[in-house]
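Handing you this structure, nothing more for now.
All of the numbers you see were taken from the coordinates with simple rules; none came from a lab. Note that this is a predicted model, so its numbers are computed, not measured. Don't worry about glycine lacking a Cβ; one is built from the backbone with ideal geometry, like all the others, and counts go over all protein chains shown.
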Amino acid sequence: MDITIDVGNYKLNIRAAVIIVHNGKVLVHRNINEDHYALIGGRVEIGEDSKTTVKREIKEELGKSIEITGYVSTVENFFEAKNSKYHEIMFVHKAEFVNEDDKNIVETLKNIEGKDYLKYEWLDLGKIEQYPLRPELIKNVLKNQKFPMHIINNDMEL
């Protein structure tokens, strides 16, 4: 069971994400019905640690195995989506594909769970500012490569 809890007029969401970088590009996903990219990952399940979450999510979504190579960031993320306010805690890890052939993938990947609306694309880190990546502050993490980092992102501040 995913850790998403309704608290008043908010949803508390615990998420884990992964940064996989090859040849100066980072692998992200995009819902084709949305206008932005996000780090690959998903909601942490009850009793599951964030490392296990990202390994499970990559296996479920792409059919690939990854090895965690470091801890990147904790992001406290406040935003609105689909008429709901979210308070999200996101744990971001760095990883590599286990299979050597997977490390050479450069093309857009498809979701193997049948979620055709999800596309997995490689974004050029040298041009990361040009992409609509959310949360926006994750771009600084990718550019600066200084880990670990604690970030508070509040898209609801006036």
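Can you tell me the dipole magnitude for the chain around its Cα centre, using point charges on the Cβ only (Lys, Arg +1; Asp, Glu -1), in Debye to the nearest 20?
The calculated dipole for the chain is roughly 220 debye.
For Val72, list long-range residues whose amide hydrogen, built 1.01 Å from N in the peptide plane, is under 5 Å from its own amide hydrogen.
Here Val92, His93, Lys94 satisfy the definition.
Placing +1 on the Cβ of each Lys and Arg and -1 on the Cβ of each Asp and Glu in the chain, which of Ile58, Asn144, Ile68 has its Cα farthest towards the positive end of the resulting dipole?
Asn144
In nm, to one decimal, how far is the modelled label at Asn111 from the one at Asp6, with both set 7 Å along Cα→Cβ?
In this crude spin-label approximation the distance works out to 2.3 nm.
Kirkwood Rh, Cα Rg: Rg to Rh for region 1-117?
Reported Rg/Rh, Kirkwood definition of Rh: 0.97.
Report the full-extension gain for the segment Lys82 to Asp35: residue separation times 0.36 nm, less the Cα-Cα distance, to one decimal in nm.
Result: 15.6 nm gained on full extension.
Can you work out the Karplus-derived ³J(HN,Hα) for every residue in region 112-117? Use 6.51 cos²θ - 1.76 cosθ + 1.60 with θ = phi - 60°, whole Hz, and x for glycine or proline.
Computed from phi, the couplings for region 112-117 are 8, 8, x, 8, 5, 7 Hz.
Next up: Sequence-distant or interchain residues sharing an amide H contact under 5 Å with Lys64, placed H: which?
Long-range HN contacts for Lys64: Lys59.
Something else about it: Assign unit charges at the C-beta atoms only (+1 for Lys and Arg, -1 for Asp and Glu), then state the dipole size of region 104-152 relative to its Cα centre in Debye, rounded to the nearest 20.
Magnitude of the dipole: close to 180 debye.
Next question, about the same structure. Work out from phi, with θ = phi - 60° and the Karplus expression 6.51 cos²θ - 1.76 cosθ + 1.60, the ³J(HN,Hα) of each residue of region 15-24, listed in order in whole Hz, and give x for Gly and Pro.
In residue order, the calculated couplings are 10, 10, 9, 9, 10, 10, 10, 9, 6, x Hz.
While we're looking at this one, here's another question. Add -39500 (n - 2.57) for each DSSP H run of 4 or more in the chain, then divide by its residues: what number comes out at 222 nm, to the nearest 500 deg cm²/dmol?
Calculated from helices alone, the mean residue ellipticity at 222 nm is -3500 deg cm²/dmol.
Applying the Karplus parametrisation 6.51 cos²θ - 1.76 cosθ + 1.60 with θ = phi - 60° to the phi angles of region 31-36, what ³J(HN,Hα) value in whole Hz is obtained for each residue in order, glycine and proline being reported as x?
7, 5, 8, 10, 10, 9
Relative to the longest principal Cα axis of the chain, at what angle does helix 50-62 sit, 0 to 90 degrees, rounded to 10?
60 degrees
In whole Å, what is the distance between the alpha-carbon centres of region 1-36 and region 126-158?
What the calculation gives is 13 Å, centre to centre.
Subtracting the Cα-Cα distance from 0.36 nm times the residue separation, let me have the gained length for Tyr71 to His22 in nm, one decimal.
Gain in length upon complete extension: 15.9 nm.
Cut-off 10 angstrom, C-alpha nodes, Gaussian network model of the chain. Which of Val21, Val75, Val106 fluctuates the most?
Maximum among the listed residues: Val106.
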